[in-house]
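A quick write-up on the structure given underneath.
The values are calculated or read from the model by the stated rules, or taken from the named source; none is laboratory data. Predicted, not measured: the structure shown is a model, and the values here were computed from it. Every residue, glycine among them, receives a Cβ derived from its backbone with ideal geometry; neighbour counts consider all protein chains shown.
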Amino acid sequence: MSDKRQSLGDAIAAHVHDADAIALGLALESGIPFAAVHELIRQRRRDLTLIGPISDMAFDQLIGAGCVTRVIAAWVGNVAGGSGYCFRRALEQGIPHPITVEEHSNFTVGLALKAAAMGVPYLPTLTGIGSDIVRDHPRIRPQDDPFGGPPLLAVGAIRPDVTIVHTQRADRHGNAHLWGNLGLTLEGVYAARRTIVTCEEIVADEVIRSDPNRTVIPGLLVDAVVEVPGGALPASVQGYWRRDFETFLGYHGRSRTLEGYRAWLDEWVLGIASRDAYLAHLGQPALDRLRVRDQRLAAAANFAP
Amino acid sequence: MSAIATYTRRELMVVAAGREIHDREVVFVGMRLPLLGFGLAKATHAPEAVGLFENGIIRDRPAEAFIYTMGDPPNIAGALACVGLLDVMSLLQQGRVDVGFIGGAEVDPLGNLNTTWAGGEGRPVRLPGSGGGQDIASLAQRTVLIMEHEPRRFRERVSYVTSPGHFPGRRRGGPATLITTLGVFDLRQGRFRLRSLHPEVSLAHVRAATGFAVESDGTPAVTEPPTQEELAYIRHADPQGFWTGDHRGKGGD
């Protein structure tokens with residue numbers, strides 16, 4: 001297998017283009033690839049479609065920065081805080097420009113990605129019957145059960161151009177270990193044309209091969225693997241980082257006004273060169289509070305043949 | 001401890017939510033207050049209940065420390081399983097979830113919830129969207145709704161049905177209970193009936209805060225206040241009062 005290690009800047013430059021459809025935030029609240037999100041903003045990607053279930057602050061930041069024209073998601077906001085104010089400004093006032101939303105529930109986003117991951121045009125479901133979401137929906141349509149049961153809904157496949165995930169560790173080929181809740185990580189990676197993995201650590205190949213059940217992302221699906229310690233902050237990463245709730249709530253307060261959002265963006269994204277600089281700006285006391293130093297190791301699993 | 005327990009309205013709502021969980025049930029735990037309500041039920045009257053979280057966590061113990069979200073590390077450590085969203089949604093779709101929790105910005109007498117666009121007559125306000133709300137509303141054997149009780153939120157008909165309530169032809173479940181800042185309501189069979197008023201709330205207050213008719217039989221019951229054991233759990237799980245508020249007064253906030 002080839003060596004797929006790249007810098008974050010090079011990986012975003014090489015694999016994410018204007019007008020791409022990008023899936024991220026797939027594990028839900030944990031492991032959101034915020035370092036990659038901020039790099040997309042710094043590289044001024046435009047006309048993006050964002051795909052995801054919920055999106056704890058990440059979609060809001062990209063929308064406010066003018067990177068996005070379309071959202072395919074179940075929920076856009078700040079999980080602990082409530083509304084996403086950039087999302088609201090875009091939809092209510094067209095600031096910084098109008099965007100469109102393809103409404104989903106978490107289940108239907110997942111089924112759409114799963115259909116693409118399976119290579120089929122749609123998957124049937126019972127969710128959403130009686131909801132206004134599925135009314136005149138471009139990707140969810142009534143369907144008769146070919147086996148004679150009651151009517152269903154069919155959810156059409158979504159194929160992201162790029163899926164971006166953050167995991168605990170990977171080898172240089174992109175084979176990645178992830179533990180904790182998985183959300184739609186597998187579906188997003190298997191569905192995508194290209195995948196970028198950012199991770200806390202790039203480890204020796206043998207570490208990954210020692211526990212193949214934990215290899216949630218096979219390297220053959222990965223185009224670039226980037227070592228970015230702290231690359232999901234302020235989101236948590238099990239065993240590495242706690243949730244940085246102060247940053248989530250601070251953003252929620254500051255992004256309430258357009259001026260506040262712009263100042264936040266200047267301070268935390270545009271005026272910051274890299275994830276290392278982000279961590280330095282957070283400061284040592286915050287890093288000490290957020291970094292997980294305790295160990296609670298899983299029992300070993302014997303793979304001897 | 002004083003003889004008269006003091007507690008916030010939100011603590012009372014968490015207690016009411018926890019009491020909707022019966023022992024040995026499979027619970028689809030939502031965001032915010034139900035995160036505490038599930039832990040409370042586990043720690044008190046429902047020790048054998050199992051919680052499913054839409055990010056893929058399955059656990060049978062309360063979170064190990066305070067959590068803002070279901071994905072926070074104390075909700076992962078000690079879990080029974082960490083799987084995918086489609087795995088837990090599939091259990092929901094099979095009908096294996098007894099009770100699910102959903103919040104909303106607007107509700108109507110049939111228990112339809114709107115979390116997409118609010119505003120009615122005023123300028124529309126964009127809300128975050130369904131999340132898993134539509135799925136829980138569609139697929140759980142029964143749902144418990146949690147709401148702020150304000151006239152603008154209680155509408156004869158919600159302007160957008162994000163999470164469906166009772167409708168003809170519904171195959172399963174539907175809203176069973178609505179817990180608000182003012183009382184607890186029974187929504188089974190598509191009727192909106194008062195079950196209990198929170199302490200120091202009058203029926204007239206509820207009627208004034210509800211944009212449609214509220215059924216009530218005789219003299220309404222009063223919501224059972226939290227026990228010391230329940231309050232102790234809530235204050236252990238939410239020590240700063242992030243979810244349950246800092247306006248501790250007898251039943252008020």
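Regarding B:LEU40, is this residue within 9 Å of chain A (Cβ to nearest Cβ), in contact with a helix residue (DSSP H, G or I) (Cβ under 8 Å, 6 or more places away or on another chain), hydrophobic (A, V, I, L, M, F, W, C) and outside any loop (DSSP other than H, G, I, E, B)? Against the criterion (within 9 Å of chain A (Cβ to nearest Cβ), in contact with a helix residue (DSSP H, G or I) (Cβ under 8 Å, 6 or more places away or on another chain), hydrophobic (A, V, I, L, M, F, W, C) and outside any loop (DSSP other than H, G, I, E, B)), B:LEU40 does not qualify. When the residues of the range A:54-80 are filtered to those that are among the small types (Gly, Ala, Ser) and either buried (at least 21 other Cβ atoms within 10 Å of the Cβ) or at the interface with chain B (Cβ under 8 Å from one of its Cβ atoms) (or both), the one that is nearest to A:ASP132 (Cα to Cα) is A:ALA74. When the range B:167-181 is limited to residues that are more than 9 Å from chain A (Cβ to nearest Cβ) and more than 17 Å from B:ARG19 (Cβ to Cβ), the one that is surrounded by the fewest Cβ atoms within 10 Å (Cβ to Cβ) turns out to be B:PRO168. Among the residues of the range A:17-31, those that are within 14 Å of A:GLY188 (Cβ to Cβ) and facing another protein chain (nearest Cβ under 9 Å) comprise A:LEU26, A:ALA27, A:LEU28, A:GLY31. For the range B:127-137, the set of residues classified as touching a Phe, Trp or Tyr at 6+ places or on another chain (Cβ under 9 Å), free of Cβ contacts under 8 Å to residues at least 60 places away in the same chain and among the small types (Gly, Ala, Ser) consists of B:GLY129, B:SER130, listed by residue number. Would you confirm, using the coordinates I've provided, whether A:ILE41 is part of a helix (DSSP H, G or I), more than 11 Å from chain B (Cβ to nearest Cβ) and in contact (Cβ under 8 Å) with a residue 24 or more places away in the chain? Answer is yes for this residue. Looking only at the range B:44-78, residues that are more than 8 Å from chain A (Cβ to nearest Cβ) and either part of a loop (DSSP other than H, G, I, E, B) or surrounded by fewer than 21 Cβ atoms within 10 Å (Cβ to Cβ) (or both) come to 18 in all.
Scanning the range A:1-47 for residues that are of a type in the set (A, V, I, L, M), under 18 Å from A:ARG159 (Cβ atoms) and crowded, with 24+ Cβ neighbours inside 10 Å yields a total of 4. Condition check for B:ILE234 on (1) farther than 30 Å from A:THR127 by Cα; (2) in a loop (DSSP other than H, G, I, E, B); (3) not hydroxyl-bearing (Ser, Thr, Tyr): one failure, at (2). For the range A:102-152, give me each residue that is in contact with a Lys or Arg (Cβ under 7 Å, 6 or more places away or on another chain), more than 10 Å from every other protein chain (Cβ to nearest Cβ), farther than 23 Å from B:ALA118 by Cβ and without any contact (Cβ under 8 Å) to a residue 60 or more places away in the chain. Hit for the range A:102-152 is A:ALA112, nothing else.
Each row is one residue, and each column tells you yes or no for (1) within 30 Å of A:ARG135 (Cα to Cα); (2) part of a loop (DSSP other than H, G, I, E, B); (3) of a type outside the set (Lys, Arg).
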position: B:ARG171; (1), (2), (3): yes, yes, no
position: B:SER196; (1), (2), (3): no, no, yes
position: B:ARG207; (1), (2), (3): no, no, no
position: B:ASP217; (1), (2), (3): no, yes, yes
position: B:PHE242; (1), (2), (3): no, yes, yes
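Taking the stated definitions as given, is A:ALA13 within 14 Å of another protein chain (Cβ to nearest Cβ), at negative phi, touching a residue at least 24 places away in the same chain (Cβ under 8 Å) and not in a loop (DSSP other than H, G, I, E, B)? Judged against the criteria, A:ALA13 is not a match. Kindly indicate the residue of the range B:32-43 that is surrounded by fewer than 24 Cβ atoms within 10 Å (Cβ to Cβ) and among the aliphatic types (A, V, I, L, M) and also modelled with the highest pLDDT among those meeting that condition. Filtering the range B:32-43 for residues that are surrounded by fewer than 24 Cβ atoms within 10 Å (Cβ to Cβ) and among the aliphatic types (A, V, I, L, M), the one modelled with the highest pLDDT comes out as B:ALA43.
Would you confirm whether any residue within the range B:191-209 is of a type in the set (S, T, N, Q) and within 14 Å of chain A (Cβ to nearest Cβ)? No, the range B:191-209 contains no residue that is of a type in the set (S, T, N, Q) and within 14 Å of chain A (Cβ to nearest Cβ).
When A:ARG169 is tested against the conditions (1) surrounded by fewer than 24 Cβ atoms within 10 Å (Cβ to Cβ); (2) within 17 Å of A:PHE59 (Cβ to Cβ), the lone failure is (2).
Listed by first and then second residue, the pairs with beta-carbon distance under 7 Å, at least 6 apart or on different chains, first residue in the range B:86-102 and more than 9 Å from chain A (Cβ to nearest Cβ), second of a type in the set (Asp, Glu), are B:VAL88/B:GLU54; B:ASP98/B:GLU25; B:VAL99/B:GLU20; B:VAL99/B:GLU25. Set side by side, the residues A:ASP132, A:ASP161, A:ASP144 differ, and just one is at pLDDT 95 or above, under 17 Å from the mean Cα position of the chain (by Cα) and among the charged types (D, E, K, R), which is A:ASP161. Look at the range B:109-126: where a residue is touching a residue at least 40 places away in the same chain (Cβ under 8 Å) and assigned to a loop (DSSP other than H, G, I, E, B) and a partner is surrounded by fewer than 19 Cβ atoms within 10 Å (Cβ to Cβ) and of a type in the set (Phe, Trp, Tyr), sitting 6+ places away or on another chain with Cβ atoms under 8 Å, you get B:PRO109/B:PHE212; B:LEU110/B:PHE167. Residues that are at negative phi and of a type in the set (Gly, Ala, Ser) are absent from the range A:237-248 altogether.
Selection of the range A:69-92 for residues being within 17 Å of A:LEU265 (Cα to Cα) and touching an Asp or Glu at 6+ places or on another chain (Cβ under 8 Å) yields A:GLY77, A:ASN78, A:GLY84, A:TYR85, A:CYS86, A:PHE87. Within the range A:242-301, the set of residues being farther than 24 Å from A:ARG89 by Cβ, more than 14 Å from chain B (Cβ to nearest Cβ), of a type outside the set (A, V, I, L, M) and touching a residue at least 24 places away in the same chain (Cβ under 8 Å) comprises A:SER274, A:ARG275, A:TYR278. For the range B:149-203, a residue qualifies if it is without any contact (Cβ under 8 Å) to a residue 60 or more places away in the chain, among the small types (Gly, Ala, Ser) and closer than 30 Å to A:ASP136 by Cα, and the qualifying residues are B:SER159, B:GLY165, B:GLY169, B:GLY173. Identify the single condition in (1) more than 8 Å from chain B (Cβ to nearest Cβ); (2) part of a loop (DSSP other than H, G, I, E, B); (3) buried (at least 23 other Cβ atoms within 10 Å of the Cβ) that A:PRO98 does not satisfy, given that it satisfies every other one. Unmet for A:PRO98, out of (1) more than 8 Å from chain B (Cβ to nearest Cβ); (2) part of a loop (DSSP other than H, G, I, E, B); (3) buried (at least 23 other Cβ atoms within 10 Å of the Cβ): (3).
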